[in-house]
Amino acid sequence: MKVFIIESSSPFDEMNGISERKSLEQVCKMMGHQVVTFFAKSKKELNEICRYISSIDEIERDETVDEPICVHISSHGDENGVQFGKDYLEWESLVKSLKPIFKMNYNEDFFLAISACGTINQSVHSEIRKCYFMDNIKPPKYIFTINEKEVGWKDAILNWTILYHQIDDIKNGNRKEYQNLLNKIIDSGFGNLKYNRWDHKKEKYFYYPKVEVFQ
């Protein structure tokens, strides 16, 4: 998998050496993923990074060896959006920034991971679905978020380490295997992730885990 990590931590986080991108870069490389990291201090810089990543579409390459792409967003946030420096991006605005990536003519699947507080009640999947109908994007096959209101830096790293360790072992996006993986993370007591899964036939996202009914 090709992993693009985009982080926007606070100045104090940087001062204290709290960096998800630096930790996950090493983790992903150890797991055999190709990874590159970016630091975005504003919405403008995020937009530039996303346009830069989408330049893959302009580069001559052997498309038969394309691998799935995961865009990993790490920032402060809440249930309504994420923070990039002084710029607060609601989910609609974040999706607009990411749109150049999801409009690429790319053979393999896209994944999106968002590491921020408050994503237990995020609605980014709804905004991506709207963009799918309006702008003909390719929706991420899976959106992974932390299924808690608050999450510490070390806990977040542990969540994503387990995910990136196991994700290549799941073939063809089998949802049961993804559910089993999330169950393992939850049962371990060391993490709690949630997914939104795109259903091509129904053109909508389903999520897991649910409180009573699993999809």
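The values are calculated or read from the model by the stated rules, or taken from the named source; none is laboratory data. Here the structure is a predicted model, which is why all the values come from computation and not from measurement. Here Cβ is always computed from backbone atoms with ideal geometry, including for glycine, and neighbour counts include all displayed protein chains. In case anyone asks, the SASA skips ligands and DNA or RNA and just uses the protein heavy atoms, side chains included. Shrake-Rupley method; radii C 1.70, N 1.55, O 1.52, S 1.80 Å.
Here are a few things to note about the model shown:
- Distance in nm between pseudo-label sites at residue 67 and residue 184 (7 Å out along the Cβ direction from Cα): 1.9 nm
- With all protein chains modelled, accessible area of residue 59 [1.4 Å, Å²]: 100 Å²
- Helix-only CD estimate at 222 nm, as mean residue ellipticity for the chain, using -39500 (n - 2.57) per DSSP H run (n ≥ 4): -11500 deg cm²/dmol
- Accessible carbon and sulfur surface of the chain relative to its total accessible area, %, 1.4 Å: 48 percent
- Across segment 77-171, the fraction of Cα-Cα pairs farther apart than 18 Å, rounded to a whole number, is 50%.
- In a reduced charge model with +1 at each Lys and Arg Cβ and -1 at each Asp and Glu Cβ, the chain shows a dipole moment near 440 debye about its Cα centre.
- For the chain, the direction-averaged projected area of the alpha-carbon convex hull comes to 11.5 nm².
- Rg and Dmax [Cα atoms of segment 1-94; Å; Rg one decimal, Dmax integer]: 14.4, 44
- Cut-off 16 Å, label 7 Å out along Cα→Cβ of residue 107, residues of segment 171-203 by amide N: 172
- For segment 81-215, the residue among 190, 132, 152 whose Cα projects farthest onto the positive side of the dipole built from Cβ charges is 132.
- If you take all other residues with their beta carbon under 14 Å from the beta carbon of residue 118, and give Lys and Arg +1 and Asp and Glu -1, the sum is -3.
- Alpha carbon centroid spacing (whole Å) that separates segment 11-52 from segment 71-92: 14 Å
- Per-residue SASA remark: residue 31, around 60 Å² accessible (1.4 Å probe; ligands, DNA and RNA not included).
- The modelled label-to-label distance between residue 204 and residue 57, using points 7 Å beyond Cα along the C-beta direction, is 2.8 nm.
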